[in-house]
Amino acid sequence: MRILRLTIAFQLPACHSLKDKRRRLQGLRDRFGSKPNIAVSESDWHDLHDRAHWTFVVIGENSRVVEAVQDSILTYASQSLDAIVTHCDREYLS
């Protein structure tokens, strides 16, 4: 079993409220938060309007499965959200 922690930092240009920030990033939680092998959390910058920091913990039976999920998260984050991915950090926990 493999466990990966994926942390993504976002910049949200022209975002002036926390409500708008949550609305722009809601699709991320909707798409991946309901999967049984993924935990999703807004992990930092809770009170900043124009920045967000999210952490995903992905569990899979092997590295190939975990990396496929990671790739789908990163693809969705970079192509489907009204936000800019500014940093991404990956760490295998086991």
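The residue pairs whose first member lies in the stretch 37-48 and is free of Cβ contacts under 8 Å to residues at least 60 places away in the same chain, whose second member is surrounded by 14 or more Cβ atoms within 10 Å (Cβ to Cβ) and of a type in the set (Lys, Arg), and whose beta carbons are closer than 6 Å, counting only pairs six or more residues apart or on different chains, are Val40/Arg29; Trp45/Arg51.
Scanning the stretch 1-14 for residues that are in contact (Cβ under 8 Å) with a residue 40 or more places away in the chain, surrounded by fewer than 16 Cβ atoms within 10 Å (Cβ to Cβ) and under 13 Å from His49 (Cα atoms) returns Gln11, Pro13.
Residue-level check: of (1) modelled with pLDDT of 95 or more; (2) assigned to a loop (DSSP other than H, G, I, E, B), Ala52 misses just (2).
Just to be sure I understand, how many residues within the stretch 57-94 are in a strand (DSSP E or B) and over 17 Å from Ser34 (Cα atoms)?
9
Restricting attention to the stretch 49-68 and to residues that are aliphatic (A, V, I, L, M) and touching a residue at least 12 places away in the same chain (Cβ under 8 Å), the residue that is farthest from Ile3 (Cα to Cα) turns out to be Ala52. Scanning the stretch 15-34 for residues that are surrounded by fewer than 18 Cβ atoms within 10 Å (Cβ to Cβ) and in contact (Cβ under 8 Å) with a residue 24 or more places away in the chain gives His16, Ser17, Leu18, Asp20, Arg24, Gly27, Arg31.
The values are calculated or read from the model by the stated rules, or taken from the named source; none is laboratory data. In this text the structure is predicted, and so the values were computed from the model without any measurement. Methodologically, a virtual Cβ is constructed for each residue, glycine included, from the backbone with ideal geometry; neighbour enumeration extends over all protein chains shown.
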